[in-house]
Amino acid sequence: MTTGDQLPDPRSARTAAEFVAQLRRLKTRSGLTYRELSARATALGEVLPRSTVANMLSRTTLPRDELLAAFVRACGLGPAEAARWEAVRKELAVRGAVEAAGEQDPAEEDPAEEDPAGEASADAGPAPGVEAVPVGAPAGPETLAPPGPKAPAGPEPLALPGPKAPAPPGAPALPGDPPAADPRPPRRLGLVGVIGVAGLVLAAVSVVALVRGGGPEHRGGPGHGGGPVEGAVRIRAVDSGLCLGERRGERSGQVRQLDCAEAGVPRYSLKRLGGDRWRIVTDHPDYGPGCSGLPSGGRIPDAALEDSECGDPTRVEAFTLTPHGSRPSAYRIAPAGSATPGTCVTVTGSPAGEGAALAQAPCRADAKGQLFLFEKAE
């Protein structure tokens, strides 16, 4: 567990959402990735899949008892500290159940049940201004409401003239009849008109493509002529010619530049998130699907680029891909929404060094160690 940060206190949580927020702080303080947490739990005799932890930390509901116990132990807490977290979770669960029961709508009360003796309606007198009538007595004339005067019958509504229906086919047209519908299909454009319209459309599309693409000098992106596209890719560092990947057997998920023949783990693909934001999706043969990202929201200036489970709210998993002016087919990878602004994914150490790790670092004017090619992969 890292030092220098105060240990999160579960007793400060008043709701399930605040309790899960404290769990996220505990993971951040531990400095462990999902894979490392899963490995530590296995060493302790627990079962803690990384996907289960990611789902737990992305929700606002209380985790199960056994999941919480395995998680806090994997984060490095001792028995006394783990028991404190479990006690707070139990207290919040009981409080939530009581509040849920109190929020139920009470059943509608029967007016006859308001009087315990059941005689409220019998003793109650008549409403003010209403004469009491003995039960079973025939209604006399005075008890009947006198018939009121009838409302005078008004004039019958006039029928307004509505639109006439068109005359049936073959019937002679009368004055004022609407014209009959033309049974013939609409006239088609002539060949000259079609060619003219198609030419205008092609011209408009060419203008839009030229404006969006920035002219011929801007084209030449990965695998085609218009920039990044969704799908499987191989990511190559420009300065070294090496490809991004992980060393098989490493649990940290650290992304490195490796010989392209050995860099097939994991397999990468691009997914557009909307606008200029992209996600780098991974498929690891041992750990399954995931995403590349920066831990702790990018608050660490030199945070490592790691492959881990998708959907962790504490990670930066969106990137902008910006072509570089000197080489439009090469792109900078900038973490979107990082707590350390103005950073780019960078090859650390020697830009040409095999095995060098990737991390966020301030974007350089010369983009040294920060340019990558996205080559279409099968």
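Quick note: the coordinates plus some simple rules give every number you see, no bench work behind them. Just so it is clear, the model here is predicted, and its values are computed rather than measured. No Cβ is skipped: glycine too gets one built from the backbone with ideal geometry, and neighbour counts run over all protein chains shown.
Values for this structure:
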| read-out | value |
| --- | --- |
| FRET efficiency, Ala232 to Glu354 (Cβ-Cβ, R0 22 Å, nearest 0.05) | 0.40 |
| Under 5 Å, built H, 5+ apart or other chain: amide partners of Lys376 | Gly223, Arg234 |
| Projected label distance in nm at Glu46 and Ser269, using a 7 Å step from Cα toward the beta-carbon | 3.3 nm |
| Cα gyration tensor shape for the range 231-376, rounded if a/c is under 1.5, else prolate or oblate | rounded |
| Extension gain, Gln6 back to Glu86 (0.36 nm per residue minus Cα-Cα distance, nm) | 26.9 nm |
| Rounded to the nearest 20 debye, dipole of the range 10-96 from Cβ charges on Lys, Arg, Asp, Glu | 260 debye |
| Prolate/oblate/rounded label for the range 1-55 (Cα gyration tensor, a/c 1.5) | oblate |
| The range 235-378 - charge dipole about Cα centre, Lys and Arg +1 at Cβ, Asp and Glu -1, debye rounded to 20 | 420 debye |
| Fully extended contour minus Cα-Cα distance, from Ala100 to Asp366, at 0.36 nm per residue | 89.8 nm |
| Packing rank of 41-50, 317-326, where each peptide gets the mean count of other beta carbons within 10 Å, highest leading | 317-326, 41-50 |
| HN-Hα J in Hz across the range 23-34 - Karplus 6.51, -1.76, 1.60, θ = phi - 60°, x for Gly and Pro | 5, 5, 5, 5, 5, 4, 5, 5, x, 9, 7, 4 |
| FRET efficiency for Ala93 and Glu250, using Cβ-Cβ distance with R0 set to 45 Å, rounded to 0.05 | 0.75 |
| Net charge, Phe319 excluded, C-beta distance under 9 Å - Lys, Arg +1, Asp, Glu -1 | +1 |
| Where labels lie 7 Å past Cα in the beta-carbon direction, separation of Arg277 and His324 in nm | 2.6 nm |
